[in-house]
Amino acid sequence: MGTGYRLTRSILLTILGIATLILSLSIKEFGIYFGVLLLVGAALTAVYLFIHFDESIDEKILIELAIDGFAGLIIFTYPEPTNRFFMLDFSFWIALMGILHIASGLFNKKNSNLLWLYLLSGIMMIVLGFIILNYSTDYLGSVGYLIGIVLTYYAALNIYLLRKSSLIKN
């Protein structure tokens with residue numbers, strides 16, 4: 001479950017990050033696509049976990065499910081979302097994913113040789129989340145590119161770490 005789920009999730013996030021960069025999506029367009037992607041991913045994960053309830057699961061998948069579902073629900077239940085709201089939601093999400101990377105690096109003994117990468121990437125995602133959170137409204141045209149770069153970085157890093165961790169297990 002972990003490999004297929006993480007690979008699919010990372011590929012979809014990479015596509016959204018690249019589409020944000022290439023198509024110059026506005027913050028609102030990005031926010032809607034991001035919310036849909038998070039909710040669909042969370043729903044599919046919940047269905048899979050329900051069907052395979054008797055198998056052992058990785059705790060990181062449950063945490064990602066909770067964070068993705070919560071961030072996606074916030075986007076679609078907020079009464080009047082603005083550009084600042086979408087930036088806040090994304091910065092919250094990416095900072096929590098950074099914290100999750102740090103925790104995975106510190107507490108996952110199977111990937112101890114990748115500790116430096118988990119820590120560095122986690123710190124970078126937290127910092128980038130705070131940069132997006134505090135981005136000036138005067139430069140809203142460029143924040144879409146920053147969000148696209150951060151999302152592509154996060155997804156590509158997850159694909160790389162997935163590949164490295166599967167090589168370590170074999």
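When ranked by the protection proxy of mean other Cβ atoms within 10 Å per residue, highest first, what sequence do the peptides 112-125, 143-156 form?
143-156, 112-125
As a test of the formula, what do you get for the chain when each DSSP H run with n ≥ 4 contributes -39,500 (n - 2.57) and the sum is divided by the residue count, at 222 nm and rounded to the nearest 500 deg cm²/dmol?
-28500 deg cm²/dmol
Which of the DSSP-defined H helices in the chain satisfy a minimum axial length of 30 Å, computed from C-alpha atoms, and a minimum mean Kyte-Doolittle hydropathy of 1.0?
Span-like helices here: 27-51, 83-107, 140-169.
Ranking His101, His52 by Cβ neighbours within 10 Å, fewest first, what do you get?
Going from sparsest to densest Cβ surroundings: His52, His101.
Using only the alpha carbon atoms of the chain, find the Kirkwood hydrodynamic radius as the inverse mean reciprocal pair distance, in angstroms to one decimal.
With all distinct Cα pairs of the chain included, I get 16.4 Å.
Picking from Tyr5, Phe76, Asn111, whose Cα lies most toward the positive end of the charge dipole for the chain (charges on Cβ: Lys, Arg +1; Asp, Glu -1)?
My answer, from the dipole projection, is Asn111.
What number comes out for the charge environment of Phe107, summing +1 per Lys or Arg and -1 per Asp or Glu over other residues with Cβ under 13 Å away?
Once all neighbours under 13 Å are counted, the net charge is +1.
None of the figures in this text is laboratory data; all of them are computed from the coordinates on show. Bear in mind that the values here come from a model prediction, so they are computed numbers and not experimental data. Virtual Cβ from ideal backbone geometry, glycine too; neighbours counted across all protein chains shown.
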